[in-house]
Amino acid sequence: MKPRIDQNLGIAGEPDKWVHSACILCSNGCGLDIGVKDGKIVGVRGDPNHPVNFGHLGPKGENGWVANNSSRRGTTPMIRRSKGGPLEQVGWPEAMDFFVTNFNAALAQGHENLACYNSGQLTVEEFYTLGKLWRGGLQSSSIDGNTRLCTATSATGLMANFGADGPVASYVDIDQAELLCLYGHNVAEVQTVLWERMLASKRKNGGRIIVADPRKTPTVLQGADLHLQLKAGTNVALMNGIIHLLIARGHVKRDFIDAHTVGFDELDAVTTDYPPERVAQICEIAQEDLETAAEWIGTTPRFVSTVLQGFYQSVEATASSSLVNTVHLLMGAIGKPGAGPLLMAGQPSAMSNREVGAGGSFPAYRNPHNEAHMRDLCELWNIDF
């Protein structure tokens, strides 16, 4: 993808200054500069040196800043003095006193009487501070974020396969891949900058794109070489069918499997019950299309799979998403250039939340069931175990 600078400026002339930031309105995490004039946001421009977007911006990134200047945006604290009463505008000192008084009243009833629900719009530093305050300082485990609604499946799927909730591939792998498998992921509409990058990779590498989606989305219409238009709710059957064919046709890498995985025999036993003719019937797709997908995956060493809401917010979401990881483990297509699964977050800061422990996890992918991990964290935070 070639660098360019996309810009949307709401004033004539130049801003007083440009402030480096990032767009958090889709999964990409594009770098951008915010134009400031007289203390107000007046526009944005893409950062051509940012490794995610090279200066490109999607429609949300270009136009999201406009909401900051809306007359409907809340800028003044409001409190409700009695249950069922109206919200009243107050000054910041009164608002803070009100908050502290009610917070302390709740805390007096016990640490676990406190609960925190945070936003995916925070920065990684804010997430870490919040998680440390809540878990370490207030000693309450009741903390979570809206990111869990979005990509709990991604976190759980990664932990199921790899024991840690961390990305396995990167956007650079997309640049080098010869096959892209998009599972429940309408990239062309929801991640336009990434879609440009995918199309550039396809052109450069002579690659192909498989899209698994019940809908005929713009992604299908603009770039798919194979559309698996499966029946909604049949994602697990699809993945089991692909795995069945990979094993049956001898595409899997047994040396890699034996050295780096467990449970192959159990997987083989389960997927034996998903021959192509049965899967085609369950998923309501052509058997030939299923076999083509398995053949492309089985004969392309450099392939990347991306997964998003079509798989996450669906029946048996974790199972189907973790099976995407399983395909890569079977093929040894992981941990090397141009290969790996990307169980993506719905917004870039969602990954920040999961990495530093302001959601349902602990900092740096620590396992709460691992005593050594928890003792180490308590020592770092200077609290009792």
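Of the residues Glu266, Glu295, Glu284, Glu291, which single one is farther than 18 Å from Asp173 by Cα, free of Cβ contacts under 8 Å to residues at least 12 places away in the same chain and out of contact with any Leu (no Cβ under 6 Å at 6 or more places or on another chain)?
Working: Glu295 fails: free of Cβ contacts under 8 Å to residues at least 12 places away in the same chain; Glu284 fails: free of Cβ contacts under 8 Å to residues at least 12 places away in the same chain; Glu291 fails: free of Cβ contacts under 8 Å to residues at least 12 places away in the same chain.
The conditions single out Glu266.
Could you tell me which residue of region 12-47 is most open to solvent (accessible area, probe 1.4 Å), considering only residues that are among the aliphatic types (A, V, I, L, M) and modelled with pLDDT under 95? Spell out the reasoning first.
Step one: of region 12-47, the residues among the aliphatic types (A, V, I, L, M) are 12, 19, 22, 24-25, 32, 34, 36, 41-42, 44.
Still in the running and modelled with pLDDT under 95: 12, 22, 24-25.
Numbers: Ala12: 101, Ala22: 51, Ile24: 51, Leu25: 85 Å².
Applying the filter and picking the extreme gives Ala12.
To keep it simple, each residue is scored yes or no on (1) touching a His at 6+ places or on another chain (Cβ under 7 Å); (2) over 30 Å from Asn113 (Cβ atoms); (3) of a type outside the set (D, E, K, R); (4) in contact (Cβ under 8 Å) with a residue 24 or more places away in the chain.
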{"site": "Ile5", "(1), (2), (3), (4)": "no, yes, yes, yes"}
{"site": "Ala12", "(1), (2), (3), (4)": "no, yes, yes, no"}
{"site": "Cys30", "(1), (2), (3), (4)": "yes, yes, yes, yes"}
{"site": "Pro48", "(1), (2), (3), (4)": "no, yes, yes, yes"}
{"site": "Val52", "(1), (2), (3), (4)": "no, yes, yes, yes"}
{"site": "Pro59", "(1), (2), (3), (4)": "no, yes, yes, yes"}
{"site": "Ser71", "(1), (2), (3), (4)": "no, yes, yes, no"}
{"site": "Thr76", "(1), (2), (3), (4)": "no, no, yes, no"}
{"site": "Glu88", "(1), (2), (3), (4)": "no, no, no, no"}
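Give region 206-243 a look and list any residue that's polar (S, T, N, Q) and in contact (Cβ under 8 Å) with a residue 40 or more places away in the chain, or say none. Lay out the reasoning, then the answer.
As a first pass, look at region 206-243 and keep what is polar (S, T, N, Q): 217, 219, 222, 229, 234-235, 240.
Matches in region 206-243: Gln229, Thr234, Asn235, Asn240.
Scanning region 139-166 for residues that are outside any helix (DSSP H, G or I) and crowded, with 17+ Cβ neighbours inside 10 Å returns Ser140, Ile143, Asp144, Gly145, Asp165.
Return yes when Ala319 is within 17 Å of the chain's Cα centre (by Cα) and farther than 29 Å from Thr123 by Cβ and no when it is not. Break it down stepwise before answering.
Numbers: within 17 Å of the chain's Cα centre (by Cα): yes; farther than 29 Å from Thr123 by Cβ: yes.
Considered against the rule, which asks whether it is within 17 Å of the chain's Cα centre (by Cα) and farther than 29 Å from Thr123 by Cβ, Ala319 comes out as yes.
Taken over region 167-182, the criterion of being open to solvent by 10 Å² or more (accessible area, probe 1.4 Å) and in contact with a helix residue (DSSP H, G or I) (Cβ under 6 Å, 6 or more places away or on another chain) is satisfied by Asp175, Glu178. In region 271-281, which residues are in contact with a helix residue (DSSP H, G or I) (Cβ under 7 Å, 6 or more places away or on another chain) and part of a helix (DSSP H, G or I)? Correct list: Thr271, Pro276, Glu277, Val279, Ala280. Within region 123-179, the only residue that satisfies the criterion of being over 23 Å from Leu194 (Cβ atoms), free of Cβ contacts under 8 Å to residues at least 12 places away in the same chain and under 16 Å from the mean Cα position of the chain (by Cα) is Met159.
Among residues belonging to region 57-88 that are surrounded by 11 or more Cβ atoms within 10 Å (Cβ to Cβ) and among the aliphatic types (A, V, I, L, M), point out the one that is farthest from Asp6 (Cα to Cα). Even if it seems obvious, please write down each step before you answer.
Residues of region 57-88 that are surrounded by 11 or more Cβ atoms within 10 Å (Cβ to Cβ), as a first pass: 57-66, 68-69, 77-80, 88.
Filter once more, keeping what is among the aliphatic types (A, V, I, L, M): 57, 66, 78-79.
On the way: Leu57: 6, Val66: 16, Met78: 38, Ile79: 41 Å.
Per the criteria, the residue is Ile79.
May I ask you to verify whether Thr292 is at pLDDT 95 or above, out of contact with any Pro (no Cβ under 7 Å at 6 or more places or on another chain) and either among the aromatic types (Phe, Trp, Tyr) or over 26 Å from Arg208 (Cβ atoms) (or both)? Judged against the criteria, Thr292 is not a match. Among the residues making up region 202-216, a single one is open to solvent by less than 10 Å² (accessible area, probe 1.4 Å) and of a type in the set (D, E, K, R): Asp213. The set of residues in region 336-370 that are surrounded by 19 or more Cβ atoms within 10 Å (Cβ to Cβ), of a type in the set (A, V, I, L, M) and within 21 Å of Lys132 (Cα to Cα) comprises Ala350, Met351, Val356, Ala358. In the set Leu199, Leu107, only one residue is in contact with a Gly (Cβ under 8 Å, 6 or more places away or on another chain) and either open to solvent by 30 Å² or more (accessible area, probe 1.4 Å) or under 23 Å from Cys26 (Cα atoms) (or both); that residue is Leu199.
Checked against (1) at pLDDT 90 or above; (2) open to solvent by 80 Å² or more (accessible area, probe 1.4 Å), Glu112 passes all but condition (1). A search for C-beta distances below 9 Å between a residue of region 95-113 that is free of Cβ contacts under 8 Å to residues at least 40 places away in the same chain and any residue that is part of a helix (DSSP H, G or I) and of a type in the set (Gly, Ala, Ser), counting only pairs 6+ apart in sequence or on different chains, returns Asn113/Ala106.
The values are calculated or read from the model by the stated rules, or taken from the named source; none is laboratory data. Note that the structure is a prediction, hence the values are computed from the model and not measured. Cβ atoms come from the backbone with ideal geometry, glycine included; neighbour counts cover every protein chain shown. Quick note on the areas: whole protein, heavy atoms, side chains included, nothing else; ligands and nucleic acids left out. Shrake-Rupley method; radii C 1.70, N 1.55, O 1.52, S 1.80 Å.
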